[in-house]
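Here's the structure we're looking at; comments come further down.
The values are calculated or read from the model by the stated rules, or taken from the named source; none is laboratory data. Since the structure is predicted, the reported quantities are computational estimates derived from the model, not experimental observations. Positions of Cβ are generated from backbone atoms using ideal geometry, with glycine treated the same way; all protein chains shown enter the neighbour counts.
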Amino acid sequence: MLQVAAPVSASPSSPRLSAIARRRREREAAKAAMVVTLGAVTVTGLMLLGHHRSHKSAIKSAHIVTGAAVLGASWWHYSLYGRRAR
């Protein structure tokens, strides 16, 4: 017989658990943003290698913008992790 999981309450019992879950979700979103932007930079870089001159300026602009997006996503990811105690 198939068992149905008990519903998870929307509000956790402690605010600390909520903050931990929120931080974990935000870290995962930052990692996903890094993957997507790195993929976009790769695609635009490959397009720069093989495209005709007429479209090259638009692709180059897109490559620069996606490069800036990688920097932003990387900074976001870095800022989510605190400094480690040595």
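Worth pointing out:
- Flag if R16 is assigned to a helix (DSSP H, G or I), among the charged types (D, E, K, R), over 30 Å from G67 (Cβ atoms) and at pLDDT below 95: yes
- Against the criterion of being of a type outside the set (V, I, T) and modelled with pLDDT of 95 or more, A5 does not qualify.
- Scanning the range 19-58 for residues that are among the β-branched types (V, I, T) and modelled with pLDDT of 90 or more gives V35, V36, T37, V41, T42, V43, T44.
- Residue in the range 63-78 that is hydroxyl-bearing (S, T, Y), modelled with pLDDT under 95 and more than 14 Å from the chain's Cα centre (by Cα) present: no
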